[in-house]
Amino acid sequence: MNNFIEKLGSYQIITNLLPGVFFGMALRLLLGIVVPMENIGEEIMVYYFMGLIINRISSLVVKPILKKCRFIQEVPYSDYAKAAKVDSKIDVLSEANNYFRTLLTSCLLLIVIAILQISICNIKWFSLNWKWLSLIFLSLLFLFAYKKQTKFICKRIEAVKAFKDED
């Protein structure tokens, strides 16, 4: 377990583990939902995975909605990459930015879960099928997360090629 924690970079801790801990505690304190865990190692893994799911939802759902509503704006990735080479603080600010987006998504998901909690109790179909729906949702979430990550890697490669062409 120590190996796992040591391998986590600050980005994974800030955008996955901390929001997962916040979310897990909020589930317990606000909604009375307790995720059974037997030891600290299990807690870290469960909170990290919760945070990872929340992070992906924030990236694939919340961020595009906020962009579409023009609540946020972004620069092209190549401009970001160039600016990050000049100002190293941009990466730190980007980490913090993603952390806030993940916390926002955590709060929104708490509202959704509270609504689902009522639905599951009142609609028999939900109570019978929530596990399958969860698996389908997670599969789709990670499918689109994989697609987005592949696209991001391609953009980084294009930015590196553009830098080399400029030199």
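The values are calculated or read from the model by the stated rules, or taken from the named source; none is laboratory data. A quick note: this is a predicted structure, and the numbers were derived from the prediction, not measured. As a convention, Cβ positions derive from the backbone with ideal geometry for all residues, glycine included, and neighbour counts pool all protein chains shown.
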**OP:** May I ask you to say which residue of Leu133, Leu66, Leu116 is out of contact with any Cys (no Cβ under 8 Å at 6 or more places or on another chain) and modelled with pLDDT of 90 or more?
**Re:** Leu66
Original post:
For segment 109-150, which residues satisfy the criterion of being among the charged types (D, E, K, R) and exposed (fewer than 11 other Cβ atoms within 10 Å of the Cβ)?
Top reply: Lys124, Lys131
Original post:
In this structure, is Ile115 more than 21 Å from Tyr47 (Cα to Cα) and among the aliphatic types (A, V, I, L, M)?
Top reply: yes
Subject >> Qualifying residue in segment 18-36 (condition: more than 24 Å from Ile157 (Cβ to Cβ), modelled with pLDDT under 90 and part of a helix (DSSP H, G or I)) >> reply: no
**OP:** State yes or no: is Ala159 among the small types (Gly, Ala, Ser), touching a helix residue (DSSP H, G or I) at 6+ places or on another chain (Cβ under 9 Å), within 30 Å of Pro76 (Cα to Cα) and touching a residue at least 60 places away in the same chain (Cβ under 8 Å)?
**Re:** yes
Original post:
Arg70 passes all but one of (1) under 21 Å from Lys155 (Cα atoms); (2) among the basic types (Lys, Arg); (3) not in a helix (DSSP H, G or I); which number fails?
Top reply: (1)
Original post:
For segment 120-131, does any single residue satisfy the condition of being of a type outside the set (S, T, N, Q) and outside any helix (DSSP H, G or I)?
Top reply: yes
Original post:
Is one or more of the residues making up segment 49-64 farther than 28 Å from Leu27 by Cβ and small (Gly, Ala, Ser)?
Top reply: no
**OP:** Only residues that are farther than 14 Å from Leu103 by Cβ and either exposed (fewer than 14 other Cβ atoms within 10 Å of the Cβ) or without any contact (Cβ under 8 Å) to a residue 60 or more places away in the chain (or both): list them for segment 49-61, please.
**Re:** Phe49, Leu52, Val61
**OP:** Please enumerate the residues belonging to segment 37-48 that are in a helix (DSSP H, G or I) and surrounded by 12 or more Cβ atoms within 10 Å (Cβ to Cβ).
**Re:** Gly41, Glu42, Glu43, Ile44, Met45, Val46, Tyr47, Tyr48
Subject >> Long-range neighbours under 6 Å by Cβ, at least six apart or interchain, first residue within 11 Å of Asn55 (Cβ to Cβ) and touching a residue at least 24 places away in the same chain (Cβ under 8 Å) within segment 92-111, second assigned to a helix (DSSP H, G or I) and polar (S, T, N, Q) >> reply: Asn98/Thr15; Tyr99/Thr15; Arg101/Ser58; Thr102/Thr15; Thr102/Asn55; Thr102/Ser58; Thr105/Ser58
